[in-house]
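Trainee: The following block contains the structure, expressed as structure tokens.
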Amino acid sequence: MMSSLSSAAPWWRPSTGRLLAIRGGTPLVGSCPISGAKNAALPLMVSVLLTPHLVSLRSVPGNLDVAVLASLLQRLGCEMHWSSTEVGLAVTIAADRIQPAHIDRDLVSRMRASVLLLGALLARCGEAHLPMPGGDAIGLRGIDFHVAGLRAMGAVISLDGGTIRATAPHGLQGADILLPQPSVGATENLLLAAVLASGRTTIRNAAREPEIADLAACLTAMGAHIAGIGSHMLTIDGGHALAGAVHTVLPDRIEFGTLACAAAATDGELMLPNGRVDLLGAAAPLLDAAGVEMREVDGGVVARRAAGGLRGIDVTTGPYPEFATDLQAPTMALLALATGASAITETVFEQRFRHVDELRKMGADISVRGRTALVRGVARLQGASVTCTDVRAAAALVIAGLNASGETTVGGLDHLDRGYDRMIEKLAAVGADIVCSDGNG
């Protein structure tokens, strides 16, 4: 696996050990730049399949999910040229010779975003055979909405032995599609398919996440006709050949919120270049109420603990602009240190409290009833041996370890690698006592 990733993403370097060791208690102080958004970069990379012309993406985060998708695209026949810039990685991708049957089952099983290949390959090639995608075990996240929307556009799709087999024998046609829920993945998949489909497609109850608007902006630069960007209704006049484009990935709002929580949890102060409070939606005032001060300055945001300390709040996750489910776990780690009690209700994914047991090992006072976690703050967490269960749980455990007394060892580092660009390196640069070890020490 490593050789295939290195071929497609030569910049990729996995964590150099099986365990992360953190000695907490040191305030984080310094500058920690925010990378391009993982959740924007992945669909942007898939969009390259829609044109034979060169597409260049800037501010691409160097995480494991991006490396895996790069390898998938290479297997499909894409050629890639990577370079490093002041704002992160840049990649130019040529997708003039696509081989839609060349999809690696092992790679697809490693990431949820691989399902976006379905809409793009159907639109460009008229066929797609895709193993069921993998990713974090945080809920069912079925692809029913994706399949129903593509079928409405004329696709013939069957699920056979763990493989999605899709064809568009008469080409994709525009359709009026109502999503039962504002699914980010389904909105992106249908948007990718619709820009090359004949006629007009309307996606109602579309997700409104900033990463979808970023994808739509890139597609528009390539020549797509899209109206309603940022709203619940996207209207796409398809069938126009797409050209190449140059596009800069928007900053990662989840990394930004996570590092702001880390600054407050350690009673430090971080300058977060490229951070944008406006991308946080409802999370911005809620984090402020919890005692995470975020002050906008030229070039970014300064984050620190408010003078009044950390305070318990009530949080309910939901589709953008509501509180992001991807910030739920890092926020829980923060609230485990707050004065008073907090109630966190998870409405998006039914299995996204798997980090609770790991935080309890560190002395957090958390009880769960159904989809609500009651968090009673404690003065200090204690170092323990814990394991990451998904991408955002990994960030929560790192935040907890940065506060805890003694040493915290964190296993399951693939999850941290998947979602964050050089997180260990960034934290070490602002004072964290954090290193990878081989686990034999």
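Trainee: Hey, what angle do you get for helix 210-221 against the long axis of the chain, alpha-carbon based, 0 to 90 degrees rounded to 10?
Mentor: It is inclined by approximately 30 degrees.
Trainee: In deg cm²/dmol, rounded to 500, what helix-only [θ] at 222 nm does the chain give when every DSSP H run of at least 4 residues adds -39500 (n - 2.57) and the total is split over its residues?
Mentor: Helix-only estimate at 222 nm: -8500 deg cm²/dmol.
Trainee: Taking square-rooted eigenvalues a ≥ b ≥ c of the alpha carbon gyration tensor, is region 264-316 rounded, prolate or oblate, where a/c under 1.5 means rounded and, failing that, a/b exceeding b/c means prolate? Kindly include the intermediate steps, with their values, before the conclusion.
Mentor: Working: a/c = 2.59, a/b = 1.25, b/c = 2.07.
In terms of gyration-tensor shape, oblate.
Trainee: Taking amide H positions as placed 1.01 Å from N in the peptide plane, with prolines and chain starts having none, which residues 5 or more places from Gln173, or on another chain, fall under 5 Å of its amide H?
Mentor: Under 5 Å from the amide H of Gln173 lie the amide H atoms of Gly154, Ser198, each far enough along the sequence or on another chain.
Trainee: Further question: Quick check: from the Cα gyration tensor, does region 38-248 come out rounded (a/c under 1.5), prolate or oblate?
Mentor: It comes out rounded by the Cα gyration axes.
Trainee: Suppose R0 equals 35 Å. What FRET efficiency, 1/(1 + (r/R0)^6) with r the Cβ-Cβ distance, do Arg18 and Asp278 give to the nearest 0.05?
Mentor: Values: r = 39 Å, r/R0 = 1.11.
Calculated transfer efficiency: 0.35.
Trainee: Can you put Phe145, Phe256 in order of Cβ neighbours within 10 angstrom, beginning with the fewest?
Mentor: Phe145, Phe256
Trainee: I would also like to ask the following. How much length would be gained if the chain were fully extended between Cys125 and His53, taking 0.36 nm per residue of separation minus their Cα-Cα distance, in nm to one decimal?
Mentor: 24.4 nm
Trainee: Calculate the spin-label point distance for Ala306 paired with Asp288, positioning each point 7 Å from the Cα along the beta-carbon direction, and give it in nanometres.
Mentor: In this crude label model, Asp288 to Ala306 measures out at 0.9 nm.
Trainee: Something else: Residue by residue, what Karplus-based ³J(HN,Hα) values in Hz, rounded to whole numbers, does region 154-159 have, using 6.51, -1.76 and 1.60 with θ = phi - 60° and x for Gly and Pro?
Mentor: x, 6, 9, 10, 10, 10
Trainee: Among Asp237, Asp278, Asp288, which one shows the biggest mean-square fluctuation in a GNM of the chain, springs joining Cα atoms closer than 10 Å?
Mentor: Answer for the Gaussian network model of the chain: Asp278.
Trainee: Still on this model: What is the helix-to-structure angle for 184-194, meaning the angle in degrees between its Cα long axis and the longest Cα principal axis of the chain, kept from 0 to 90 and rounded to the nearest 10?
Mentor: Compared with the principal axis, the helix lies near 20 degrees.
Trainee: Pop a pseudo-label 7 angstrom from the Cα along the beta-carbon direction at both Ala101 and Ala429 and give the gap in nm to one decimal.
Mentor: Those two pseudo-labels are separated by 4.6 nm.
Trainee: State the Cα centre-to-centre distance between region 360-383 and region 72-138 in whole Å.
Mentor: Here the answer is 39 Å between Cα centres.
Trainee: Tell me, His102, His355 in order of fewest to most beta-carbon neighbours within 10 Å?
Mentor: His102, His355
Trainee: With springs only between Cα atoms under 10 Å apart, run a GNM on the chain and tell me which of Gly162, Gly223, Gly411 wobbles the most.
Mentor: Highest fluctuation among the options: Gly162.
Trainee: Let me ask another. Mean-square fluctuation check for the chain, GNM, Cα pairs under 10 Å: which of Leu121, Leu28, Leu54 is largest?
Mentor: Among Leu121, Leu28, Leu54, the largest mean-square fluctuation in the Gaussian network model of the chain belongs to Leu54.
Trainee: To make sure I understand, if each residue's beta carbon is the centre and we count other beta carbons within 10 Å, what order do Glu322, Glu296 fall in, fewest to most?
Mentor: Fewest to most other Cβ atoms nearby, the residues stand as Glu296, Glu322.
Trainee: Just to confirm the number: angle between the C-alpha axis of helix 391-403 and the first principal axis of the chain, 0 to 90 degrees, nearest 10?
Mentor: It is inclined by approximately 20 degrees.
Trainee: With label points built 7 Å along Cα→Cβ from the Cα atoms of Arg380 and Asp176, find their separation and express it in nm.
Mentor: It is 6.4 nm.
Where a number appears in this text, it was derived from the coordinates with a stated rule and is not lab data. Keep in mind the model is a prediction, meaning the values are calculated, not measured. Cβ: placed from backbone, ideal geometry, glycine included. Neighbour counts: every protein chain shown.
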